[in-house]
Every structure is written in C-alpha cells, then in structure tokens.
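The values are calculated or read from the model by the stated rules, or taken from the named source; none is laboratory data. Only a predicted model underlies this, so the values are computations on that prediction, with no experimental measurement involved. As a convention, Cβ positions derive from the backbone with ideal geometry for all residues, glycine included, and neighbour counts pool all protein chains shown.
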Amino acid sequence: MPRLEWPLHIVRRVVIAAVVLTLLAVAVPLTMDWIEDTRSRCADGVVKKGEADECVGVTDGSYSFDDHLDAVIEKIKEENDRVAANADEEPYVSVAYMTSFTLTDDDSNSDESVRHELEGAYLAQYRHNRGDLPASPKIRLLIANPGSRAGQWEHTVEELAKRKDSDDRLVAVAGLGPSTDRTLAALKRLSEHGLAMVASSMTATNIRDINGFVRVAPTNVDEARAASAYLKREKVRTAVVVQDVADHNLYARTLGDAFTEAFPDKDGGHRLVAERLTFDSSVRSAWENELRFIPGQLCQRKPEVVYFAGRGQHLTHFLDAIANRTCQEEKFTVITGDDTTNLTAKQLAYAARTGVRVLYTGLAHPDMWRGAPHSVSAPSAKHFQEGGTLDRWFPNDPRYDGGAIVAHDSVLTAAQGVRMAARWEGEVTGEAVARMFHQMDGDQQVPGASGFIAFQNNGNPRDKAVPILSLDSRGRAAFVELSAADGAPPQGG
C-alpha cells in the first residue's frame, strides 16, 4: 500500500493549528478567570462577595469601605505609609481593626457607631506611634471588613491569616464586632491562627475562655449587676424582663439571664412580677406585632421598671409601642444594655420623645472621668473631652455613643501587649502578645479612657467600670453614675 505523504506546507499549517488550539484551550479559561477576578476585585486584599457584592477583606487604608469613613481612613493610610517608610530605622508590626463596615438594616451597628470606632482606633495607633505613649515596635493599623452581619467572616479571617507571615507582620485583631454566632466562629478561627484578639464592644458573657482573647467592655453579667444595683439604690422594687429569644442573639440571651438572676432577692424585697415577656426578632413577619402586644401585659402587671434584653434597633419599636399604651396613667422606666449606643442620633432623639424614661448601661462615656476621676485614666480621657484631640481631628461628629472610647481602649490594649512582648528583645508574635494580656495588672493595667483595665484568666475585664446613662430630651446620652459588678471600679495612679 503506498504511503501517503503530506506536503510540507500542509504539515506546518496542521502543527500551527494544533498549537493555536492548545494555547486557546489554556488561554481562554485563564482569560475568563482574569476577567472574573477583575470584576470581583475592589482593591488589593478586598473583593466582592455574597449576593449584594459587598466589598470585604483587609486594607491598609488604600480602600475606603464607605464614603462616611473617608476622613479617618485617609489619616490611617497616611500613618501606615509613614511607619512603613521608616521601617529601616524602627521596626513595626500590624494590628487589624475588624467590624462590619458595609452595613444594612439587618445590622445592630450604625454608620455613626462604626465610624466612631475607627476614629478611636486611629487615636490609639497615633498615641502609640508618635503621641503621648510612644513605644516600639510601631503599629500599622489594618482595616478588616467581614461584611454585613459578618456574613463573609470566613473570607476576611483567612485574609487576616495571610497577613501574619507577610510584610504586614500582623499580630493582633481588635474590635471584632457584636456578640453573634458568626463573631464567635471568627474568634475561634483567629485563635487557631495564633493571633491575639481584643474585643471592643462585645459583651455576651458566654464568649470566653478562647485562647488569645480578651475584651475591654464589661460583660452582660457586669452590666446587669450594675443596673440592678443602681435600681435598688433608687428604691425600685418590681421589674419585668422583655427579651428577644432569637437563636443567634447571644447578646440578648445573656443579658436577660443575667438580670433575671441579679435583681430578685430571696426575701422578696425586689422581685420580677412576671415570667419573661418575649419576642423573636428572627421572625420578620411577627416581631413588630409582638412588641405592640407587650404593653398591654405591662399595663396589667404594673412593674416599676422594664428591663429590655434586646438590640437597640428593636428598642425604638418597643418604646413606640409603650408610648401608645392604653394605661397612660401608668409611668414606666425602661432600662437596657449597651446596644442602645449603636442607635443613630435621630433614632435616639425619637426614643427620647416617647415620654418613657430610658436608662441604659453603656460601654463608656466621655463624662466617666469627671464622675470618677481615680477610676479612669485622665491622659486618655482628655482626648475625648469637648475640644479634645478627636474633636480637632474630626469636628462636628459627636461621640456620646462610647464607641470611639472602647475601640481606642481595645487597640491601646493590643499596643501595650506589643510593647510588653518586645521588652528585653522578645519576639513579637501573636502568641506572645496574647500572653502579655495575662500580665496586665497593677502597674501594667491598661490606662483606658473607659477605666483602668485588667483581665481575668477567662479573658473578661476585672471589675470593669460600668456607666449608667440616660437619654435626655434631645436624645443624647447623659452620664448618671459609675459602678462595677463587684464593688468599686479599679483605680490607677
């Protein structure tokens, strides 16, 4: 059989075609991947995730998660660049501030509250790097966004983990967001990665005993005991608890449990006049109606005080329902927890107009220093006073919610851990910084603007100062008194 021979030019064309097809088979998917990556990329370390295409991840200030954050993020970027430029002369490590910066109506935080947190975090960075508490290594402050309700926490935590062994030299994460199941899962994952963690506003009592974790805020048990002690001093004898029983709401659950245990006396001098009155915020079609029915039960039970164990966003609906109660002759006082500080100024003003007296246990307040000067660091507190550092840096942005203070104190705690770990030429790692938290007592207490801070072995603050606050007619938080769960708040020099 004769052999078929192809002309050389045909062979060349076939080979070239085969090569082209092979290259296309590789290039087309790569090109599609590149296009997809480009479409999903918001900035270095920040990508679009979820149904809402939220920009989540970690930035050094090169990217702003929302326009209202631009002023503070610009300052953070400037300081980070300065620290990096001087790295040959002074070493640095990084601390990340993580909370939800792309908010929706489902979040308990507000734009105002998270902006104030970032302002306080920057103040702590500045004080450590070149302010009144200069120390080394210097700190670069990263900004980490896990998305609305921390829905993309897994992605953001993995981005943070990458920064541990990179040029960022990440050693600690501060802030960390509200008390939710997702936040708890994020804490455990960060712990596995060997990062130190300092929560700012997290108060759920059952978030504890996590390796490397501490918090600067009083726990819900501390808040409930402080509220109970205040009410008893005010001769209040009867109360009832209204509680959100949504499964994911650790904040409400622990707050309600703590007050139910703290207020009643064995002799009956102080008692709860009914079982807990409940609503479930996870049932979207029902919770507002539930809150509207509860005032009828209050009119029947006639408690002197209603303890509201729920988020601030639900409190405004509850106060509106009480304002329209049938028993207008009955006067009610509502006392609640720190989530009230996450309401906007407009929401607080609306709540103040309901005609019901509203008290709450806050995380911090600028007037704490005046109320108990030996229990709060004066050098730290002055930055938050009228005309102080934050007023000069960020004018026309009132910070009565306490968010700036506790965020400052959380980053200041991480910075103090960095300083202590570096002494005697120690290696500054996440694990080393976390171990320093256990040494922060006595002369090494953190000089916080929310009170001097020391930690128990389980990560909770010891005898943390708890301010009792009230809403005035303008919806602003007015300082009433300072207390603590177990006696007087700790004092410093």
When (1) loosely packed, with under 15 Cβ neighbours inside 10 Å; (2) at negative phi; (3) of a type outside the set (S, T, N, Q) are applied to Lys302, the one that fails is (2)
Note to self: Take Thr361 and tell me if it is within 18 Å of Ser201 (Cα to Cα) and among the polar types (S, T, N, Q).
What the structure shows: yes
Next item on the list: Return yes when Leu469 is in contact (Cβ under 8 Å) with a residue 40 or more places away in the chain and assigned to a strand (DSSP E or B) and no when it is not.
Entry: yes
The residue that is modelled with the lowest pLDDT, considering only those in the stretch 472-488 that are assigned to a loop (DSSP other than H, G, I, E, B) and touching a Leu at 6+ places or on another chain (Cβ under 8 Å), is Gly475
* Quick one: would you say Ala422 is part of a helix (DSSP H, G or I), crowded, with 23+ Cβ neighbours inside 10 Å and either touching a Lys or Arg at 6+ places or on another chain (Cβ under 8 Å) or not assigned by TED's automatic domain parsing to the domain that holds Thr340 (or both)? -> no
Condition set touching a helix residue (DSSP H, G or I) at 6+ places or on another chain (Cβ under 6 Å) and either on the phi > 0 side of the Ramachandran plot or free of Cβ contacts under 8 Å to residues at least 12 places away in the same chain (or both), scope the stretch 177-211, selection surrounded by the most Cβ atoms within 10 Å (Cβ to Cβ): answer is Gly177
Those residues of the stretch 166-193 which are over 19 Å from Arg419 (Cβ atoms) and small (Gly, Ala, Ser) amount to Ser166, Gly175, Gly177, Ser179, Ala185, Ala186, Ser191
Inspect the stretch 268-275 for any residue being in contact with a His (Cβ under 8 Å, 6 or more places away or on another chain), outside the structural domain of Ala199 (by TED's automatic domain parsing) and within 30 Å of Ala217 (Cα to Cα) and give the result as yes or no. no
Per the filter on the stretch 430-454, residues surrounded by fewer than 18 Cβ atoms within 10 Å (Cβ to Cβ) and out of contact with any Phe, Trp or Tyr (no Cβ under 9 Å at 6 or more places or on another chain) are Glu431, Arg435, Gln439, Gly442, Asp443, Gln444
Of the candidates Arg130, Arg163, the one satisfying the condition of being within 30 Å of Ser380 (Cβ to Cβ), touching a residue at least 24 places away in the same chain (Cβ under 8 Å) and more than 19 Å from the chain's Cα centre (by Cα) is Arg163
Considering residues that are among the aromatic types (Phe, Trp, Tyr) and either closer than 23 Å to Leu250 by Cβ or at pLDDT below 85 (or both), the number found within the stretch 310-358 is 2
**OP:** Kindly check whether there is at least one residue in the stretch 398-413 that is polar (S, T, N, Q), within 19 Å of Leu141 (Cα to Cα) and surrounded by 24 or more Cβ atoms within 10 Å (Cβ to Cβ).
**Re:** yes
Taking the stretch 378-414 and keeping residues small (Gly, Ala, Ser) and in contact with a helix residue (DSSP H, G or I) (Cβ under 8 Å, 6 or more places away or on another chain) leaves Ala378, Ser380, Ala381, Gly388, Gly402, Gly403, Ala404, Ala407, Ser410, Ala414
Taking the stretch 114-141 and keeping only residues that are of a type in the set (A, V, I, L, M) and surrounded by fewer than 24 Cβ atoms within 10 Å (Cβ to Cβ), one is left with Leu133, Ala135
All conditions in (1) assigned to a loop (DSSP other than H, G, I, E, B); (2) in contact with a helix residue (DSSP H, G or I) (Cβ under 6 Å, 6 or more places away or on another chain); (3) within 27 Å of Asn109 (Cα to Cα) are true of Ala274 except (3)
Checked against (1) touching a His at 6+ places or on another chain (Cβ under 9 Å); (2) modelled with pLDDT of 95 or more, Val305 satisfies every condition except (1)
Counting only residues in the stretch 79-113 that are modelled with pLDDT under 95, part of a helix (DSSP H, G or I) and not hydroxyl-bearing (Ser, Thr, Tyr), the one surrounded by the most Cβ atoms within 10 Å (Cβ to Cβ) is identified as Glu112
